[in-house]
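Worksheet: the structure to be examined is printed underneath.
The values are calculated or read from the model by the stated rules, or taken from the named source; none is laboratory data. Only a predicted model underlies this, so the values are computations on that prediction, with no experimental measurement involved. Heads up, the Cβs are rebuilt from the backbone with ideal geometry, glycines too, and the neighbour counts pull from every protein chain shown. Heavy atoms of the whole protein, side chains included, go into the accessibility calculation; ligands, DNA and RNA do not. Shrake-Rupley method; radii C 1.70, N 1.55, O 1.52, S 1.80 Å.
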Amino acid sequence: LARKKARSKAKPGAGGAAHSLLSQGPWRGAARTPLRRAPARRGQHAPAAAAEAHGGAPSALDADHGSAHVVPVAPAAGQRALGRDRLRQGPRNDEATVAAAVAFGAALTYLIYTMPANIFTCLLFLGKTPGAFVSATILPVHLACAAALELFPSLAAALGAARPFLILDSLGVLDNVTTQMNFMEEAHAKYGTLLVAVLAGMCTNLAGGVARHFAKHGFAEGGARFDQTLGDNVRFSLGLNVVYAYFALHRCGGDTACSLAGPF
């Protein structure tokens, strides 16, 4: 009877199938190890608390910021640091495995943190190849920043501190809003309807947050938490884009020069 109980405990339960992918290869053991999180101290910026937990920079999946960023500074370093922590917990820790984790972290950061607004809006609404894939400057700059953070961990720790991170995040939000306006004008000129322009603007605002939300929680749990986590963001984006569509696009009749001159 004791041996039977021991065997039953050794068998995976209902969550075994969900962990099957993470329990293989270099990510072995990651599914069963909880993420290290540190609560923010009084007066401490939340990303700074995440930085302490993840070796100097916040994780891309734990941070909740704008959909696009100028450079992948703290998120990229946090994602790769998290990958290295997971690899150290498994049986394999060779250089090739660590290099694969670094490459995976850089690619993941590029897709769901640095350029999701450009990628999703171009593919879903504008019907063109995203500039993130064809630009001669965007990808090299991203790789250069990722390499700098990987080679100089102290740089990642410094940029992940409260004030530097706040400045970088603010620049990212500004970049996202200007990109949103450009995409809205392009969508309106292409389709001649304000509805598509508003949806394209909302995609620019929300693509990164939605992608990171479901990457972190999965489809079922992410759907259950969507309204609670992103409901306010969706409503704010809708209001912002409706106002811009009415004053800058509808009243100007699609005249780009009028839009640039001002909504009033």
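Couple of notes before you dig in:
- In the stretch 129-168, the residue that is nearest to V98 (Cα to Cα) out of those that are hydroxyl-bearing (S, T, Y) and open to solvent by 70 Å² or more (accessible area, probe 1.4 Å) is S154.
- Complete set of residues in the stretch 104-114 that are touching a residue at least 12 places away in the same chain (Cβ under 8 Å) and open to solvent by 30 Å² or more (accessible area, probe 1.4 Å): F104, L108, L111
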